[in-house]
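The values are calculated or read from the model by the stated rules, or taken from the named source; none is laboratory data. Remember, it's a predicted structure, so these values are computed and weren't measured experimentally. Ligands, DNA and RNA are stripped out before the accessible areas are found, and what is left, the full protein with its side chains, is counted by its heavy atoms. Shrake-Rupley method; radii C 1.70, N 1.55, O 1.52, S 1.80 Å.
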Amino acid sequence: MSDTEMDEFIDRHSIMYGRGEPHDFDYISRPTNMGTEHYFHSRVFGRLRFL
């Protein structure tokens, strides 16, 4: 995605930064100036294992 497309996606689908509309992706990563942001569909949360 271009930067513009990523910003539009975040504005539409992010709960913290946008309207929080659902999406069908299981996992999305986005590079930022502070590191990589990771976005997961709620159906994936039960499969995540944090160390």
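Side notes on the structure shown:
- In the stretch 15-51, of all residues being of a type in the set (Gly, Ala, Ser) and over 18 Å from GLU5 (Cα atoms), the one that is nearest to the chain's Cα centre (by Cα) corresponds to SER42.
- Just so you know, in the stretch 7-51 the residues that are among the aliphatic types (A, V, I, L, M) and not in a strand (DSSP E or B) include one that is most open to solvent (accessible area, probe 1.4 Å), and it is LEU51.
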